[in-house]
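Colleague: There's a structure below that I have some questions on.
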């Protein structure tokens with residue numbers, strides 16, 4: 001009875017989200033609560049929910065304050081000199097332009113927002129691509145690869161994986177640091193190859209003559225928020241915040257690191273109390289929307305685990321997995337994670353599918369962290385810029401003025417290649 005109820009709960013959840021009959025927030029709350037009541041757990045449902053919320057509180061805190069922190073230092077113009085330097089350095093050679101596009105997108109995506117990354121990178125570089133008659137699909141691919149490979153601790157997939165598996169972010173992220181470095185080598189190598197291919201297609205004429213570089217223009221509102229005199233302070237502060245989180249993540253909660261970092265950033269860049277409030281208000285919507293999803297996910301995972309449905313499903317599924325293949329579950333998931341982005345949106349996968357896979361793997365002694373890390377190598381990381389289930393994909397094709405099918409056909413192999421390379425790196429390095 002319990003395995004069937006659990007399976008039906010996940011099926012209804014996925015169906016409600018993927019068919020857009022319910023928003024993820026509504027589905028993650030209503031469906032498991034209803035399932036728990038149908039299963040006869042009655043008032044115990046409240047305990048399941050509270051336990052789930054408690055387990056997610058540190059993750060929600062980190063995500064909210066990370067969004068506010070990066071929003072604040074971006075408002076202060078910390079990235080402006082870096083962006084301008086990249087635009088000046090790329091010149092008119094396609095290879096340098098594509099690699100510069102990749103580096104720019106990588107830096108902009110530090111805040112974890114794919115939408116912001118594409119909104120800044122593509123309009124800044126598109127005039128240069130058009131003047132040199134470069135393929136706009138290359139621009140879309142370069143920005144997509146940089147954003148897709150950048151699964152930092154405060155990005156959506158990492159937060160979701162941590163929340164659904166009830167693991168510290170550091171337990172998932174820290175072992176993947178060298179893997180991400182290998183992925184970045186692949187991405188910049190692919191960017192160089194795309195640039196060289198464009199040079200051959202366009203001929204040597206593109207390298208001759210001077211072409212005016214696109215100039216970034218700030219709105220009056222943006223200019224009023226800039227604090228160029230605090231550039232180095234903000235850079236050093238960011239390095240300290242990120243370094244503390246990576247090196248001392250087990251001793252100092254990441255949420256506390258970003259809380260203190262945000263307070264210092266606000267006091268130095270915007271000492272006026274009204275300006276501090278306005279900066280928080282400006283980024284609160286994005287922070288609270290994701291916080292709401294995470295808390296709703298706490299309801300789902302709390303009910304699924306507290307009621308025993310998750311464990312019952314895993315025990316029932318164990319019989320279908322040959323023992324000889326159990327240890328390979330993370331490898332298989334790592335290879336399939338990127339294509340699965342075309343079928344599952346991040347909420348339905350990380351909160352509906354991943355816990356079941358982790359529980360099945362756990363029955364064979366495979367740590368949940370390995371399963372989560374495998375999923376992060378592609379599921380809505382390298383996969384999100386081409387998935388039809390994410391708004392960011394349509395933002396890319398809209399800003400570049402290309403067709404969705406063209407973008408997917410051109411960029412999918414590159415992103416899938418990055419996912420495969422990182423999975424192989426995990427095996428070679430002994431991560432799983």
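The values are calculated or read from the model by the stated rules, or taken from the named source; none is laboratory data. Please read these numbers as outputs of a predicted model, since none were measured by experiment. Backbone-built Cβ (ideal geometry, glycine too); neighbour counts: all protein chains shown.
Colleague: Among 108, 149, 67, which is surrounded by 24 or more Cβ atoms within 10 Å (Cβ to Cβ) and free of Cβ contacts under 8 Å to residues at least 40 places away in the same chain?
Modeller: One residue alone meets the criteria, 108.
Colleague: Do we have residue 335 as assigned to a helix (DSSP H, G or I) and more than 25 Å from residue 49 (Cα to Cα) here?
Modeller: For residue 335, the condition - assigned to a helix (DSSP H, G or I) and more than 25 Å from residue 49 (Cα to Cα) - is met.
Colleague: For residue 328, all conditions in the list (1) free of Cβ contacts under 8 Å to residues at least 60 places away in the same chain; (2) in contact with a helix residue (DSSP H, G or I) (Cβ under 9 Å, 6 or more places away or on another chain); (3) farther than 17 Å from residue 411 by Cβ hold save one; what is the number of the exception?
Modeller: (2)
One line per residue, one yes/no per condition, for (1) within 16 Å of residue 369 (Cβ to Cβ); (2) without any contact (Cβ under 8 Å) to a residue 40 or more places away in the chain; (3) buried (at least 24 other Cβ atoms within 10 Å of the Cβ):
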{"residue": "131", "(1), (2), (3)": "no, no, no"}
{"residue": "142", "(1), (2), (3)": "no, no, yes"}
{"residue": "163", "(1), (2), (3)": "yes, no, yes"}
{"residue": "178", "(1), (2), (3)": "yes, no, no"}
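Colleague: Still on this structure, please answer the following. I'd like to verify a number: residues in segment 36-51 that are crowded, with 19+ Cβ neighbours inside 10 Å and either within 30 Å of the chain's Cα centre (by Cα) or over 13 Å from residue 305 (Cβ atoms) (or both), how many?
Modeller: 3
Colleague: Tell me, please, whether a residue that is surrounded by fewer than 20 Cβ atoms within 10 Å (Cβ to Cβ), assigned to a helix (DSSP H, G or I) and either without any contact (Cβ under 8 Å) to a residue 40 or more places away in the chain or within 20 Å of the chain's Cα centre (by Cα) (or both) can be found in segment 374-389.
Modeller: No.
Colleague: Which one is surrounded by the fewest Cβ atoms within 10 Å (Cβ to Cβ) among residues in segment 404-432 that are in contact with a helix residue (DSSP H, G or I) (Cβ under 7 Å, 6 or more places away or on another chain) and part of a loop (DSSP other than H, G, I, E, B)?
Modeller: Result: 429.
Colleague: Kindly indicate whether residue 37 is assigned to a helix (DSSP H, G or I) and touching a residue at least 40 places away in the same chain (Cβ under 8 Å).
Modeller: no
Colleague: Further, regarding this structure: Residues of segment 228-244 being buried (at least 17 other Cβ atoms within 10 Å of the Cβ) and over 15 Å from residue 67 (Cα atoms), which ones?
Modeller: 230, 231, 233, 234, 237, 244, listed by residue number.
Colleague: Check whether at least one residue in segment 331-340 is within 24 Å of residue 168 (Cβ to Cβ), surrounded by 20 or more Cβ atoms within 10 Å (Cβ to Cβ), in contact (Cβ under 8 Å) with a residue 12 or more places away in the chain and within 15 Å of the chain's Cα centre (by Cα), and report yes or no.
Modeller: Yes, segment 331-340 contains a residue that is within 24 Å of residue 168 (Cβ to Cβ), surrounded by 20 or more Cβ atoms within 10 Å (Cβ to Cβ), in contact (Cβ under 8 Å) with a residue 12 or more places away in the chain and within 15 Å of the chain's Cα centre (by Cα).
Colleague: From the set of residues in segment 233-272 that are modelled with pLDDT of 90 or more and assigned to a loop (DSSP other than H, G, I, E, B), which is nearest to residue 222 (Cα to Cα)?
Modeller: 270
Colleague: Continuing with the same structure: Within segment 257-282, which residues are closer than 18 Å to residue 61 by Cα and loosely packed, with under 13 Cβ neighbours inside 10 Å?
Modeller: Result: 281, single match.
Colleague: Right, something else. Does segment 1-17 hold any residues that are over 17 Å from residue 302 (Cβ atoms) and buried (at least 16 other Cβ atoms within 10 Å of the Cβ), and which are they?
Modeller: Across segment 1-17, the qualifying residues are 3, 7, 12, 14, 16, 17.
Colleague: Ok, one more. Would you tally the residues in segment 341-373 being part of a helix (DSSP H, G or I), at pLDDT below 90 and within 18 Å of the chain's Cα centre (by Cα)?
Modeller: Total meeting the criteria: 9.
Colleague: Then there's this: Kindly evaluate residue 311 against the criterion of being within 23 Å of residue 15 (Cα to Cα) and over 25 Å from the mean Cα position of the chain (by Cα).
Modeller: The answer is yes for residue 311.
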